Each structure stands twice: as structure tokens, then as C-alpha cells.
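Visitor: I have a structure here, written as C-alpha cells, and I will follow up with some questions on it.
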Amino acid sequence: MKKLFLAVCFNILLLAQNAAHARVVEVNQISEQPQTTYTPESIQGEGMPDPNNLPEVLSFFKERFENAAVTHVDNLGDLNRSDAINVQHSAEYIAQMQEEKKSTFEKIYDKAMQRISGNSQNENSENTFTTFYELAPEQQQAAIDELSKPNIPVVNVTLPTGKNILAPAKEHIPYLLASFNILPSGLIQVREDITVVANGQKLKHGLIKVLPKFSKSRAGVEKKLDVQLMSVSVNGKQLPYVLEEIGNKIYIKPQQEYILQSGVYTYTFNYLVDRKLWYYDDFTEFYWDVAGSYLNLVITSANAIVSIPDGKNFLSQNVIVGYPKRLSSNRAVVASLDTNALGFASTTPLLPAEGMHLLVSLDKNVFMEPDMSRKFVWFVTDYGDILFAFAGLAAVLISYILSWKYLQKNKLKLKTSFKQTALISRFLLTGKFDKTAFVASLLDMYKKNIIDIQKQDGSVLLIKKTDNLADLNRAERKAVNNLFLGKESVITANDANMLKFNRAENIMEKSAKMALKMLSLQLNIGYLLFSIGMLILTEIAIAYLGINPLQTGLILFSSTLTIAFYVWVLRKKYKSKITGYVLKSLAAIFIVLAVLFMSIYIKLISSLVLAGIVYIIFEYSELFMKRSGSSKNKTKEIDELRKYLESNIPAITYGHEFINQQANIFALDLVPLYPKNEQNRGVYKLDIALELVRILS
């Protein structure tokens, strides 16, 4: 009620909610409207000249003027008394009296409408227009030409005050009122009534309110605003709006996009703002840009009301209007509505991007200064994203260090369902896939009685012994089918069949690498889950600090997922150097773009830290995959197998175990320790395997 009372005092029943309506009338049609005409009667009294005789009329009035008695009006007293002499006031005097009877708001709005329509009665209106707007010469002339057109369509607008006015039918804001109720806690209740004329151009999807994300002190210190949206209504009907922050701005925008039909609408925004006051040694200061400096529309009349707790006074107040480097204090007025309420009104229209800046100094004792707990909350609000980002980074680093120490001390007991073969043993032992590893896989197939390896007439032959490949894994079956095409059962290791051997080798290499990756995943799952979990928790914590946590969280998650993909592309090895260079360059570009995209919603340093966490997870996972990493336990098993084969040569050579260990003997380079003898002659393939390696190389 207090705000309503102040509004009534300032703007004559201001804030009364009436449905806006529009009726377009062409200005040039006004003259075409039917008008009542009067035909004077020809009355000629005694001594009166003939009205049809012009020389006689002129002579009559000349004589009357010469013989008239001159009386000064100042000596007649109050001409408005009922007994005063009947004097007909001049048209200029009547217009002046009518103008003086107008309210302050009516005067301001009439002047604004005259300027925006180019119909100002001031003979120097063009110069006044130029002085107020301070445009470049070519922009001045273009604006004057546009607004001075004789046939500009107008629209009948009902303002929130209840007053009906004619306004240009062009898309603009005829009226704006912002009411600020500053509470003792420093919290500010804001209500903005904005009347707009829409024609489907800039306001095609409705009005979007833009607020600055940060408040800046006189010393240039910035603090993040805390905005809470209460409600948004259009012509009295509430619509679902949401807050969205992008860069240094906060947008109050429709939750779902809609089409705004042409017409006149009154938007009412209700929201709370915290951290807008600045506390100095001797006073507290409130600043606000009523026009927002973001609306790309002409504002005919901009108004504001600032109220503080009862019994309190303002120390000083100021209002300036214009562009950032062309501000003027002559384009707005300040009215004292009460000891604790001020009214501000523009006296000229505001062009797009112009601001109306209020600056009010208040008694420091009016408000409760923030205590330590509140300052701490504000500190977290300002720098929380950086704190949480570095906390997540520290957690990932510490988890890696602890995990690595456990690995070095062999205290990490790892149980996996990994099936170790001669091929994998060779791969883990050497860290690469070579011809020896491929031939070792053929010896494993020989052990399973799938193929036979023989030497005949100086050539090495592979013989397919069965079509039942159920004992082989998927990669081994695919390799066998590539070696023996169709109904082939015997192939010779020569140049003619080298393509078949190469295809089979590539299949087994991919299989070995995939098996090693799966092994690494099983061994590193704890570290990976912890690191990824810490990354997600970090993003959730940062998103919670945002104006719209869900939106910020989705942005961070999708961006880090994008960074993870391109980090994988960046670290991948390519056979073609040109292909690798192009793909890695593109990956680096997209990583930078993803970081910059995140920095729109959080600080740049926080975005860089999140990208760094993603890279570190990849880097440490690769370190864990190495022989000294989490696969150390598996390589330790291979070392133990090697020692077993070296210390039990006689038992293995002369026993049935030789055929089972032959592939491992070959993969671990122990062939010289196991010569051919009478006991293993029938199954001994090590010499042929060495020959096959030589041929394939």
C-alpha cells in the first residue's frame, strides 16, 4: 500500500492495472473527419459598417482604435473573480493556464510525445532534439526525418496510471516505471511496469528483461548480484518466466517461447535483489540504471520511485541520462514524494542503449551492515566456482598420488577376470605388438588343435585342421577366416599370401590392444570412478552457485564431455602424420571453444581448471596402463611365469606340459632354453615359428 500511495503522489493514480488496448489512426485522417461548420448571420446594426464592404470595415475599426481608452490589465485586479470585468483571454494565455494545471507527469509525458512524434511547438525543436540525443550528424538527421514524417500512424494506449494517450504505432516503450523498496537488511524489492507497443519485430517473442550480473563500487570492485524472481505478468495475467545468466548479464525470459501478437501490453516484473548496496565509511549508496541500457527500443517516458524505511532520510540524489560517454543531468527531474521516498522522471525520450542512471546516497545507520557469516556467503558466491574447481583438482591429484604409492608398494590386491594368453603376455612384457606376438597367437591355435604349422620344401605351411572354431575367441575366429578363405585349408607363408597374414595380424593386434584397455579399465576402475565422480561433484557445486543451477549444470557437463572427447582425439596416435596433424589441430580448437563457452557462465580460470581435470584423468589413466602402473601386478605374474619356465626346463621339455607352454616359451623369448628332442619332436614348433617370423618380417 505504501508503494501504491507513493505512486499516486508521483504520477496520479500510478500503478492502477488496466487492460491496455489499441486503435490505430492515421494522423493524416484527422483532417478528414467531419467537422461542425457555422454560418454567421448578416447582422448590421446602427452605425455598423457593411460587412461586404472591406474599405468601410477597415475605416470603422481604425476610427474605433484611435478613440479607444487604454487600460492596463494589472490595474484590474483578479480577472477570475465573478464580479471582474469580462475580458476574453488570448489563446496563448489560455494555453498557458491549461499547461500550468497539468500534473508533473502530464507535462513530462506531453513533452516526450511531442519530441518523439516530431510535433514539438518549440521553434528550435530540431536543435533541442539534437542537443538531447547528441547523435552523430548523419544519425541526427535520419532520426529527425523518421520521427517528423507527417503520416506516422498512432495508437491509443492506456497507461498503468489509467491515462489514455496517443503514441506512435512504431514498436517502442511509451511508459516505464521502476519502484525500488529498500529494506533495512539491504534487500531490495523491485517492481517494474513496462508498457510496450509491439508489432512483431524486436518483441516478436515477448519482452525480455536484462539485468547486470555484477554490481560495481566506486573503487571498481565487483560483486555478483543475488536475484530472486517472484512473478511476471502481462496485462494482469501471470506468465512463467525464468532467470538465465549469460556472460555479465542476467536475463528474465519466458520459460517457453511464445509469439507476441501486435498490440499494446503492460509487463509487470516483480523480483528481489541483494548485494546492490555499497557500504562506505560515511554513507551507503544505491545505484540503478532504470532503462537498463540493454533494451533495443525507444523509451518515451522513464520513471522511478525509490523508498527507504519510515523515518529515514536521503543524504543526496542524482539522475543522469544518455549514452555512457554523453550523460546529461538536464534530461530528468527529481521529485520529493515523502521524507523517505523520491521520484525520478525523464523529460525526454531515451533512444536505444541510452541509460537513466539513479544514484542515491543514504544514511549509513539506515541499514544493517553485513556480518562475518553474510560476508562469507558473499565470498563463496563471488569466488565459489574457483574454490570448488581447485578443490576438485586437488582431490583428483591426491587420489592419484595415494593410488600410485599403493601400486609402488604392491599393496593393491587386484582381482580380475582377465584371461591371460601368450599374445597378451608378450604385449604386456614389451608394451607393443610385433610379429613374435602374432606367431605366438598361432601357436595358441595350434595348442587348441585348430591349425597345424609345418615346414615343407623350405616353405612354412599353415594347415586348417577343423571348421569347428568354438574354442577360439571372436578375434581368433576372425583371423582364421581371413587366413583361410572359402574352402581353403592350406596356405603358404609367401608374398602371394602376405595380404592374408597382414589382415590376420591387424585383427590380433586390435584384439590385444582392446584386451589391454579392458584390463586397464578393470584395474583402474576405482581411480577412474573416483576422479570422474569428483569432477561431477565439482560441476554440481559450481552450478549450485548460479542463477539457474540446472542450466549451468547442463552447460558444464556437456562442455566437459566435449572436452573429454577431443582430448581423446588429441592423444590418439595416427598412422598418417597429415591426418594426425589435422585432427589434432581441430581437436585443440574445439577444446578452446568449449572452455570459452563455459567461461560465459563461470569464470575463465574455473573453466580452465575443469578442462585440466579432464586432461589429468586421461594422463593418469595412461600412466596406470603402463608396466609400472596398475598393470604391474599382471606383469609380475608374467615375470613369475618366466622364472617358472626358466627353472623347470627339464620337467617341461620331457613332459606333457611342453605343448601347453610352447606359445609362452616363444612369446617370452625362451626358445634357446628349449631345444628339440625325442620327447617333444612330434609337437615341437618353435623352430618353424622362428622361421615364420623371419618370413613375415
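The values are calculated or read from the model by the stated rules, or taken from the named source; none is laboratory data. Since the structure is predicted, the reported quantities are computational estimates derived from the model, not experimental observations. With ideal geometry, Cβ positions are generated from the backbone for all residues, glycine too; neighbour counts draw on all protein chains shown. Just the protein is used for accessible areas: all its heavy atoms, side chains included, with ligands, DNA and RNA removed. Shrake-Rupley method; radii C 1.70, N 1.55, O 1.52, S 1.80 Å.
Visitor: So, by mean Cβ neighbours within 10 angstrom, what's the order for 162-175, 371-384 with the highest one leading?
Guide: In decreasing order of mean packing, 162-175, 371-384 become 162-175, 371-384.
Visitor: Here's another thing I want to ask about it. Using 0.36 nm times the number of residues separating His205 and Ser647, minus their current alpha carbon distance, what extension gain do you get? Numbers along the way, then the final one.
Guide: Values: separation 442, 0.36 × 442 = 159.12 nm, distance 8.26 nm.
Taking His205 through Ser647 to full extension adds about 150.9 nm, to one decimal.
Visitor: Then there is this: How much FRET efficiency would the formula 1/(1 + (r/R0)^6) give for Met518 and Asp669, where r is the Cβ-Cβ distance and R0 is 35 Å, rounded to 0.05?
Guide: 0.85
Visitor: So which of Lys249/Lys312; Lys500/Lys636; Lys435/Lys517; Lys510/Lys676; Lys213/Lys375; Lys448/Lys513 end up more than 30 Å apart, counting from Cα to Cα?
Guide: In this structure, Lys249/Lys312; Lys500/Lys636; Lys510/Lys676 exceed 30 Å between Cα atoms.
Visitor: Quick check: from the Cα gyration tensor, does segment 157-210 come out rounded (a/c under 1.5), prolate or oblate?
Guide: Taking the square roots of the gyration eigenvalues as a ≥ b ≥ c, segment 157-210 is oblate.
Visitor: Hey, another quick one. Highest mean first, how do 306-315, 635-644, 265-274 rank when packing is the count of other Cβ atoms within 10 Å averaged over residues?
Guide: On the way: 306-315: 16.2, 635-644: 14.2, 265-274: 19.1.
Highest to lowest by the protection proxy: 265-274, 306-315, 635-644.
Visitor: Work out how much length Asn449 to Ala496 would gain on full extension: take 0.36 nm times their residue separation and subtract the Cα-Cα distance, in nm to one decimal.
Guide: Numbers: separation 47, 0.36 × 47 = 16.92 nm, distance 2.56 nm.
Working it through step by step, the gained length comes to 14.4 nm.
Visitor: Amide H to amide H under 5 Å from Gln317: which residues, 5+ apart in sequence or cross-chain, H placed 1.01 Å off N in plane?
Guide: Hits under the 5 Å cutoff: Ser361.
Visitor: List the pairs from Lys216/Lys364; Lys204/Lys237; Lys204/Lys603; Lys572/Lys643 whose alpha-carbon separation is above 27 Å, in the order I gave them.
Guide: Lys204/Lys603; Lys572/Lys643
Visitor: Here is a further query. Accessible area per residue, 1.4 Å probe, Å², for segment 256-371: what's the number?
Guide: Accessible surface, normalised per residue, equals 40 Å².
Visitor: So if R0 is 30 Å, what FRET efficiency would Ala394 and Leu604 give, r being the distance between their Cβ atoms, rounded to the nearest 0.05?
Guide: 0.95
Visitor: I'd like to know how segment 272-401 sits against the 2.2 N^0.38 Å rule of thumb: what's its Cα Rg over that expected value?
Guide: Ratio of Rg to 2.2 N^0.38 Å for segment 272-401: 1.45.
Visitor: Could you run the Karplus curve 6.51 cos²θ - 1.76 cosθ + 1.60 with θ = phi - 60° over segment 677-682 and give me ³J(HN,Hα) per residue in whole Hz, x for Gly and Pro?
Guide: My calculation for segment 677-682 gives 9, 5, 6, 10, 4, x Hz in order.
Visitor: Now, a different point. Hey, if we sort Met508, Met230 by accessible area with the 1.4 Å probe, largest down, what's the order?
Guide: Met230, Met508
Visitor: How would segment 630-697 be classified by its alpha-carbon gyration tensor: rounded, prolate or oblate, with rounded meaning a/c under 1.5 and the a/b versus b/c comparison settling the rest?
Guide: Here segment 630-697 falls in the oblate category.
Visitor: Sort segment 505-581 into rounded, prolate or oblate with this rule: let a ≥ b ≥ c be the square roots of the eigenvalues of the Cα gyration tensor; rounded if a/c is under 1.5, and if a/c is not under 1.5, prolate when a/b is larger than b/c, oblate otherwise.
Guide: Oblate.
Visitor: Of the listed peptides 286-292, 470-476, what is their order by residue-averaged count of other C-beta atoms within 10 Å, with the highest listed first?
Guide: Averaged packing, sorted descending, gives the order 286-292, 470-476.
Visitor: Please give the length that would be gained between Lys375 and Asp471 if that part of the chain were fully extended, namely 0.36 nm times their separation in residues minus their C-alpha to C-alpha distance (nm, one decimal).
Guide: Difference between extended and current length: 27.6 nm.
Visitor: So what are the ³J(HN,Hα) numbers for segment 448-462, from phi and the Karplus equation (6.51, -1.76, 1.60; θ = phi - 60°), rounded to whole Hz, Gly and Pro as x?
Guide: 7, 6, 8, 10, 10, 10, 10, 10, 9, 6, x, 10, 9, 10, 10
Visitor: Here is a further query. Pop a pseudo-label 7 angstrom from the Cα along the beta-carbon direction at both Val221 and Asn248 and give the gap in nm to one decimal.
Guide: 1.9 nm
Visitor: What is the Cα convex hull volume of segment 197-313 when expressed per residue in Å³?
Guide: Per-residue hull volume (Cα only) is 142 Å³.
Visitor: OK, next. Quote the charge dipole size of segment 257-343 about the Cα centre in Debye, to the nearest 20; the model charges only the Cβ of Lys and Arg (+1) and of Asp and Glu (-1). Display every interim value, and only then the final one.
Guide: Numbers: 6 positive and 8 negative charges, 74 e Å.
Result for segment 257-343 is approximately 360 debye, rounded to the nearest 20.
Visitor: Could you report segment 447-578's accessible area per residue, 1.4 Å probe, as an integer in Å²?
Guide: It amounts to 57 Å² per residue over segment 447-578.
Visitor: Please identify the trypsin sites (Lys or Arg not before Pro) of segment 200-270 that satisfy two criteria: DSSP loop assignment and at most 10 other Cβ atoms within 10 Å. Which are they?
Guide: Arg218
Visitor: Largest first and in whole Å, what are the equivalent-ellipsoid semi-axes of segment 320-383 based on the Cα gyration tensor, each being the root of 5 times an eigenvalue?
Guide: Ellipsoid half-lengths, sorted descending, are 32, 20, 8 Å.
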